[in-house]
Amino acid sequence: MYAKYRLPPFLLVVCKDKVTASWAAEPIRVGRGFHTSMVVFPLVLGPGSLPVITEPDEAAQDLAVAVFSALAHATDPGLTAILEALASGVAYDAEKSGSAVNGETGEGGDVDRVDWAEIVEIGLGEGSGREYWRHLMATYTPNFPGSKTIVEESWLEGRAKGQAEGKAEDILRILEVRGVEVPDSVRERVTGCTDLDVLGAWFDRSLSAAHAEELFVEG
């Protein structure tokens, strides 16, 4: 990363307990017994190095600190208050970004809000904390998905689209190999379909259809 982009890389470790944080902070020596080729000093963020942030104003001032503080204190009994303050800060950032879109600041979009919300959801892991965070995001920012993470949603959407496109190509290819003429209207309908179940039925019919239009005939 440094050689290609001239950006100083960091090994960032976020821990939820002080014992693990203390262990993770130890230098990592890379090499063999007779020679150490590299020593890595991790940057460790844990409950001993980050404050508990429960005030929305404080969270909004620096979302990065607030996000990593929430993750470091994920096992804290007061996690609910921490997440509420953070959600308010994220919502404020979204509102500020919305103003930017309207030309007030000249900066773009609500990417920061999406990124921070995603980092928190993944970092909290499975459990009540994540579920409560999803609830807060659905309350503060309605376009935040409540069942899957943003990354999961995007990946699943892309995979489904790719599967549909592949299935459509297979259908048209089978008809072509079998010598069945495919009108433009049929081609457009097949390539425009994203329902995998429907495409599956059309695929089965393409194996025996005498005319391309028979793909769409039930029974």
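Numbers at a glance
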item: Criterion violated by residue 44 - all others in (1) part of a strand (DSSP E or B); (2) exposed (fewer than 11 other Cβ atoms within 10 Å of the Cβ) satisfied; result: (2)
item: Where a residue in segment 193-219 is touching a residue at least 40 places away in the same chain (Cβ under 8 Å) and its partner, wherever it lies, is among the small types (Gly, Ala, Ser) and assigned to a helix (DSSP H, G or I), with Cβ under 9 Å and at least six apart; result: 215/201; 215/206
item: Conditions (1) surrounded by fewer than 18 Cβ atoms within 10 Å (Cβ to Cβ); (2) not in a helix (DSSP H, G or I); number of the one not met by residue 64; result: (2)
item: Residue satisfying condition, being assigned to a helix (DSSP H, G or I) and at pLDDT 70 or above, within set 70, 100, 94; result: 70
item: Any pair with Cβ under 6 angstrom, 6 or more apart, that starts in segment 9-34 at a residue that is without any contact (Cβ under 8 Å) to a residue 60 or more places away in the chain and ends at one that is part of a strand (DSSP E or B) and not hydrophobic (A, V, I, L, M, F, W, C); result: 29/36; 30/37; 31/37
item: All positions within segment 1-26 that are part of a loop (DSSP other than H, G, I, E, B) and exposed (fewer than 10 other Cβ atoms within 10 Å of the Cβ); result: 1, 6, 7, 8, 9
item: Answer residue from segment 172-219, given it is within 37 Å of the chain's Cα centre (by Cα) and acidic (Asp, Glu) and is nearest to residue 160 (Cα to Cα) among those; result: 195
item: Top-ranked residue in segment 144-179 [being assigned to a loop (DSSP other than H, G, I, E, B) and at pLDDT below 90; ranked as surrounded by the most Cβ atoms within 10 Å (Cβ to Cβ)]; result: 144
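The values are calculated or read from the model by the stated rules, or taken from the named source; none is laboratory data. Keep in mind that this is a model prediction, so the values were computed, not measured. As a convention, Cβ positions derive from the backbone with ideal geometry for all residues, glycine included, and neighbour counts pool all protein chains shown.
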